[in-house]
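Data first, discussion second: the structure below is written as structure tokens.
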Amino acid sequence: MNMRRDPLNIKATGSEFPLILGRDVSGVVMECGLNVSYFKPGDEVWAAIPPWKQGSLAEFVVLSGNEVSHKPKALSHTQAAAIPYVAATVWSAVVNTGGLNKDNCTGKRILIIGASGGIGTFAIQLLKAWDSHVTVTCSQNAEQLVRGFGADHVVDYRAGDVEAKLKTLEKFDLILDNVGGETEKWALSFLKPWSGAKYVTLVTPFLLNTDRLGVADGMLQTGVTIGTKALRHLCKGVHYRWGFFAPSGPALDEVRELVDAGKIRPVVEQQFSFPEVPQAFEKVEKGHARGKTVISIAEVSE
Ligand SMILES: NC(=O)c1ccc[n+]([C@@H]2O[C@H](COP(=O)([O-])OP(=O)(O)OC[C@H]3O[C@@H](n4cnc5c(N)ncnc54)[C@H](OP(=O)(O)O)[C@@H]3O)[C@@H](O)[C@H]2O)c1
């Protein structure tokens, strides 16, 4: 099997199945390719696996060197496994797409729509570590959780009209939308116009379009949709963007420093053993996440 060009072995079998799910991994390097010098067998590493490769619900995974990073020393593997996918996604959305970084965030006003799940709890911590002012929307019963990560202002989206409540606040420099749908209709009006302010949504029709129309037509449809929306909002002085998960060892290196400095904590809501994978997925399907669900593949002494 050519792991590099066809990691799912689709050419040989004509099918993506059996498909191994799971994007986050924390474990130990078993072997390295000849050109890998940054890692060696025995190193403790973490990574977020690209969607075109087999996933992490397995004893072994094969990754490229640039997708892997040394895991934070302060965390157990179980704790570390709660971070890479949300970290890589938030990094891609906020840094690569949103243009924020540790040097330009001080005093910036950020709104995170849907802040109590995996993405939101990581995003609050990253943006607070960079000294932003963070407003979030979540259910009332998640207020204590998000405040614990430093959220400055919390809006309960279940108690009354969330749009009306946000309208009363000072406008924002960046909005990270983890909810999508109706939110897109009003959220962009809460950005500071003509200031470079951006709305970045993680809820996009990209996968829906490719599933429905096939890869070529789906991508064409996606391109037309994003182009039309971006242009419409640009005329009003704000930027409309889509954010996507992008695997990145270097981004995880930076996150590791924040974790080791005590500025970012893992949020493990519940842990399951490997035989309990079906129950873990049932739990995730029910929604109302408060952080991450982690599956422990191998018994390790932590
Ligand atoms: N584009 C990409 O590459 C990419 C990558 C990763 C994730 N995503 C997307 O990003 C979104 C968030 O991911 P996640 O992993 O954080 O999901 P999650 O862990 O399931 O968390 C979702 C959170 O949103 C809350 N919520 C639901 N409806 C809400 C609303 N109307 N307003 C405010 N909060 C609401 C839920 O709690 P309550 O229901 O109890 O309020 C839950 O805590 C998902 O739609 C996911 O598909 C996209």
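The values are calculated or read from the model by the stated rules, or taken from the named source; none is laboratory data. Bear in mind the structure is a predicted one, so any value in this text is a computation, not a measurement. Cβ: placed from backbone, ideal geometry, glycine included. Neighbour counts: every protein chain shown. Keep in mind that these areas ignore ligands, DNA and RNA; they rest on the heavy atoms of the full protein, side chains included. Shrake-Rupley method; radii C 1.70, N 1.55, O 1.52, S 1.80 Å.
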Exercise for the section: Would you confirm whether any residue within region 145-154 is under 17 Å from the mean Cα position of the chain (by Cα), within 22 Å of residue 192 (Cα to Cα) and not assigned by TED's automatic domain parsing to the domain that holds residue 290? Expected result: no
Exercise for the section: Would you check which residues across region 267-278 are open to solvent by 90 Å² or more (accessible area, probe 1.4 Å) and touching a strand residue (DSSP E or B) at 6+ places or on another chain (Cβ under 7 Å) and list them? Expected result: 271, 274
Exercise for the section: Return a yes/no flag: does region 222-235 have any residue that is open to solvent by 90 Å² or more (accessible area, probe 1.4 Å), within 15 Å of the ligand (Cβ to nearest atom) and among the basic types (Lys, Arg). Expected result: no
Fill in the blank from the handout: If we ask which residues in region 135-164 are charged (D, E, K, R), in contact with a helix residue (DSSP H, G or I) (Cβ under 6 Å, 6 or more places away or on another chain) and farther than 19 Å from residue 287 by Cβ, their number turns out to be 1
Problem - Breaking point among (1) open to solvent by less than 30 Å² (accessible area, probe 1.4 Å); (2) outside any loop (DSSP other than H, G, I, E, B), for residue 119 - result: (1)
Fill in the blank from the handout: The strands (runs of 3 or more DSSP E) lying wholly within region 1-83 that contain at least 1 residues that are without any contact (Cβ under 8 Å) to a residue 60 or more places away in the chain and surrounded by 11 or more Cβ atoms within 10 Å (Cβ to Cβ) are 24-28, 44-48
Exercise for the section: Could you figure out which of (1) at pLDDT below 90; (2) farther than 17 Å from residue 184 by Cα; (3) under 23 Å from the mean Cα position of the chain (by Cα) isn't true of residue 223? Expected result: (1)
Exercise for the section: Using the structure shown, decide if residue 104 is under 16 Å from the mean Cα position of the chain (by Cα) and not assigned by TED's automatic domain parsing to the domain that holds residue 258. Expected result: no
Exercise for the section: Could you please tell me which pairs satisfy a Cβ distance under 6 Å, a separation of 6+ or placement on different chains, a first residue in region 198-214 that is more than 15 Å from residue 94 (Cβ to Cβ) and outside the structural domain of residue 172 (by TED's automatic domain parsing), and a second residue that is within 11 Å of the ligand (Cβ to nearest atom) and open to solvent by 60 Å² or more (accessible area, probe 1.4 Å)? Expected result: none
